[in-house]
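Data first, discussion second: the structure below is written as structure tokens.
Please treat every number below as a calculation from the coordinates, not as lab data. What you see is a predicted model; the values in this text were computed from it and never measured.
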Amino acid sequence: MAPHRPQPSRSRSGFARFSLLAAAGLLALTASDAEAARRRAANFDGTWNVVFATRGGNCSPTYSAPFAVQGRRVASAGGGKVTGGITGGGNVAVRISVGASVATGRGRLAGTTGSGTWSGLIQGDRCHGVWQATRG
């Protein structure tokens with residue numbers, strides 16, 4: 001007579017299958033979350049026309065510049081050097097330099113508009129203000 005070998009219980013086998021399915025589901029969710037974040041970031045892609053209004057300091061009352069958004073990057077779309085980034089939720093931070101003038105800005109884009117604040121050293125004067133953007 002052969003010795004009795006314990007058989008795996010059905011509950012353990014069922015639990016193992018459940019665990020594998022749950023892990024596969026989590027991996028699929030993580031991949032779809034990453035894809036959704038990529039699509040949200042891409043929603044801001046394009047050229048944005050940005051108008052800067054001075055609220056303090058001895059600078060011109062307004063400036064304007066086109067920015068290019070591609071994925072998570074913000075760059076110049078003409079005139080000056082623009083570097084920065086944007087989150088999937090639309091929070092944006094940039095650094096702008098034209099000759100000896102340099103400024104930084106923060107704010108948020110949503111849909112086809114955006115707004116925020118800026119400050120910098122413009123032609124030797126410390127200035128600050130607000131900005132508004134529209135997608136072109």
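With contacts taken as Cα pairs under 8 Å at a separation of at least 6 residues, the range 38-136 carries a relative contact order of 28 percent.
Once backbone amide H atoms are built at 1.01 Å from N, A77 has F67, A68 as its partners under 5 Å, excluding neighbours fewer than 5 places away on the same chain. Taking amide H as placed 1.01 Å from N in the peptide plane, D45 has its amide H under 5 Å from the amide H of G71, each at least 5 places away in sequence or on another chain.
Remark on S101: its backbone amide H falls under 5 Å from those of Q123, a criterion applied only to residues 5 or more positions apart or on other chains, H modelled at 1.01 Å from N. Using θ = phi - 60° in the Karplus curve 6.51 cos²θ - 1.76 cosθ + 1.60, the 3J(HN,Hα) couplings for the range 92-106 round to 10, 9, 9, 10, 10, 9, 9, x, 8, 8, 9, 8, 10, x, 9 Hz; x is entered for Gly and Pro. Sequentially through the range 61-75, phi angles give Karplus couplings (6.51, -1.76, 1.60; θ = phi - 60°) of x, 9, 9, 9, 7, x, 10, 10, 10, 9, x, 9, 9, 10, 9 Hz, Gly and Pro residues having no value and appearing as x.
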